[in-house]
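Heads up: the structure comes next, in structure tokens.
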Amino acid sequence: MTIESKLFNLCIDESPPRNKPLVAKYMRSFAFPVLSKLSPFNISKTGSYLSANKNVILQKYGAEAENDITSVLEKLESLIADILSNSPFRELSSDNIDVKIWNKVLDDFSDQDGSRPTWVYTNWLYTECYIHRRIFEAFETSTFLKNYDPFYEQKMKALSHCEEAMDILGKFLIKYFNKNNVPLKNLREDLPKIIKCALWGNRCDLSQTGGDAIAQTESPLDLVESLQDLMLADESSKIVDFLFTSLNESKNNKILDIILDNAGYELFTDLCLADYLVTYKFVDIVRFHGKAIPWFVSDVTSQDFTATINYIAHTSRSETLKELGKRWEGYFKSGQWIFESEQFWTLPFNFGQMKSLDNELYSKLSESFLIISKGDLNYRKLVGDIFWEPTVPFTQAVGSFKPSKLLALRTLKSDITCGLAEGLAEHISKNDPDWLKIGKYAVIHVDGL
């Protein structure tokens, strides 16, 4: 029996039960192919990138780093073997500040007799986050590669591959920004387009391709129009009404919190949206929330964030993009834009647990005028990674996570969905069986409005 067939034999050829957290043992859920194929593939590609950059690493850190490379590769291979053999989870073994929390979670998921959770049978959100935490552990327990991000170059390459599309959106915005007076009517017409540019930017996700760049070459604004029929829920009008109503209020220091997802083109569109909202006084301060460690291949870290703005401002071929990038540098120098990377975002918890587990972060978000949540994993965490009935209202699925008004922008890349019209999920399934998993469709949901 092969390792792969053993994993198959442990699973059930059924869809996961409704209104329960996802578990990988159900072969008709997206969790099973991610566990059995995509995750091992991504881990293997991580090792491949490390090997491919061996000479560069040795030039930077010296010949002694070769032992680190060998050690990391062995640990990545061991992780793949653990997954495919459904071995019990083990404790993390580094001195990172989050290790005590991860090891307590392991204890919480273990049986009373001490039996530890395994990949196939455990809450999928925990399992998938544990996979990516183990990848980082392979690096952080080394001597020279503690902070090495094996996908950094791929994230930056993905950004440069999308420069044509970025230039189109950049020209649109700079033309706007250079006008002395823009009629409110024009702002109201164009704000939904900018929001949806940020939404569809979420299609560019390196975790779906093992780090291979996805080029975005079409006009983002034309794309918004052409993809409207793929919007399964579109509550953008509610957020636009809310933002325009707020212009008549005298409230100062309105804070926008953006919970980021992917680096590359998606981050660029997030920055464009933030600039638009600041320029026209919808908000005053923007706090961007990224990841403290390399996470899910392409999630935004502090290094990615800084490098992206630096690339736009100084390296891009477009003078328009350079002008845009220098605006963004100015926002950071003035303190209007802030980047933060709280630990909670790389822990295996859903957002409903935030208030009890990280009240400081929850209180910070409670100061917010508006929270924007980007992407699939954040959406899953918002709704508890539960396989809801598709018609369950988004506000119900979000549960107790109510620090402020919320806008969720997400292209669908997993089984989890909610807030859809009666019969819509069944209708799409007939013609597009994989509709939930391929990033083709999207939703815009709001809560608190």
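Does E164 meet the test of being open to solvent by 20 Å² or more (accessible area, probe 1.4 Å), modelled with pLDDT under 95 and in contact with a Ser or Thr (Cβ under 8 Å, 6 or more places away or on another chain)? Yes, satisfied. Those helices (runs of 4 or more DSSP H) of segment 58-166 in which at least 1 residues are without any contact (Cβ under 8 Å) to a residue 40 or more places away in the chain, on the phi < 0 side of the Ramachandran plot and not acidic (D, E), considering only elements entirely within it, cover 65-84, 99-109.
Would you confirm, using the coordinates I've provided, whether K291 is without any contact (Cβ under 8 Å) to a residue 60 or more places away in the chain and in contact with a strand residue (DSSP E or B) (Cβ under 7 Å, 6 or more places away or on another chain)? Here the answer is yes, as K291 does meet what is asked.
The number of residues in segment 152-191 being over 10 Å from Y265 (Cα atoms) and either among the polar types (S, T, N, Q) or in contact with a Lys or Arg (Cβ under 6 Å, 6 or more places away or on another chain) (or both) comes to 5. Taking every residue in segment 239-250 that is more than 12 Å from L277 (Cα to Cα) and pairing it with any residue that is open to solvent by 40 Å² or more (accessible area, probe 1.4 Å) and aliphatic (A, V, I, L, M), at least 6 positions away or on another chain, the pairs with Cβ-Cβ distances below 6 Å are F242/L449.
When you look at K45, is it in a helix (DSSP H, G or I), under 28 Å from C11 (Cα atoms) and not acidic (D, E), yes or no? For K45, the condition - in a helix (DSSP H, G or I), under 28 Å from C11 (Cα atoms) and not acidic (D, E) - is met.
Could you check, for segment 356-369, whether at least one of its residues is under 23 Å from N19 (Cα atoms) and open to solvent by 30 Å² or more (accessible area, probe 1.4 Å)? So far as segment 356-369 goes, yes, one or more of its residues are under 23 Å from N19 (Cα atoms) and open to solvent by 30 Å² or more (accessible area, probe 1.4 Å). Applying the criterion of being at pLDDT 95 or above and not β-branched (V, I, T) to the residues of segment 440-449, the residue that is farthest from P390 (Cα to Cα) is G448. Residues of segment 265-287 that are surrounded by 22 or more Cβ atoms within 10 Å (Cβ to Cβ) and part of a strand (DSSP E or B): V286 alone.
Number of residues in segment 326-335 that are in contact with a helix residue (DSSP H, G or I) (Cβ under 6 Å, 6 or more places away or on another chain) and open to solvent by 20 Å² or more (accessible area, probe 1.4 Å) equals 2.
On the basis of being of a type in the set (A, V, I, L, M, F, W, C), under 26 Å from P390 (Cα atoms), at pLDDT 95 or above and open to solvent by 10 Å² or more (accessible area, probe 1.4 Å), does L232 make the cut? Here the answer is yes, as L232 does meet what is asked. In this structure, E323 does satisfy being at pLDDT 95 or above, in a helix (DSSP H, G or I) and open to solvent by 60 Å² or more (accessible area, probe 1.4 Å).
Name the one entry in S219, S298 that is small (G, A, S) and either free of Cβ contacts under 8 Å to residues at least 24 places away in the same chain or surrounded by fewer than 19 Cβ atoms within 10 Å (Cβ to Cβ) (or both). Criteria check complete, one pass: S219. Apart from one condition, D385 fits all of (1) in contact with a His (Cβ under 8 Å, 6 or more places away or on another chain); (2) open to solvent by less than 10 Å² (accessible area, probe 1.4 Å); the exception is (1). Highlighted here are the helices (runs of 4 or more DSSP H) found entirely within segment 353-449 that include at least 1 residues which are in contact (Cβ under 8 Å) with a residue 60 or more places away in the chain: 359-366, 376-382, 394-398, 424-431. Can you find a residue that is surrounded by 24 or more Cβ atoms within 10 Å (Cβ to Cβ), touching a helix residue (DSSP H, G or I) at 6+ places or on another chain (Cβ under 9 Å) and at pLDDT 95 or above anywhere in segment 173-180? No, the conditions are met nowhere in segment 173-180.
Table: residues versus (1) out of contact with any Asp or Glu (no Cβ under 8 Å at 6 or more places or on another chain); (2) modelled with pLDDT under 95.
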| position | (1), (2) |
| --- | --- |
| S334 | yes, no |
| E367 | yes, no |
| F387 | no, no |
| F401 | yes, no |
| K413 | no, yes |
| I438 | yes, yes |
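Sort out which residues of segment 336-352 are in a loop (DSSP other than H, G, I, E, B) and open to solvent by less than 20 Å² (accessible area, probe 1.4 Å), and write them in order of number. Result: L347, P348. A count restricted to segment 237-264 and to residues that are in a helix (DSSP H, G or I) and open to solvent by less than 10 Å² (accessible area, probe 1.4 Å) stands at 4.
The values are calculated or read from the model by the stated rules, or taken from the named source; none is laboratory data. Computed from a predicted model, the values in this text were never measured in an experiment. For neighbour counting, all protein chains shown are included, and Cβ atoms are generated from backbone atoms with ideal geometry for every residue, glycine included. SASA here: full protein model, heavy atoms, side chains in, ligands and nucleic acids out. Shrake-Rupley method; radii C 1.70, N 1.55, O 1.52, S 1.80 Å.
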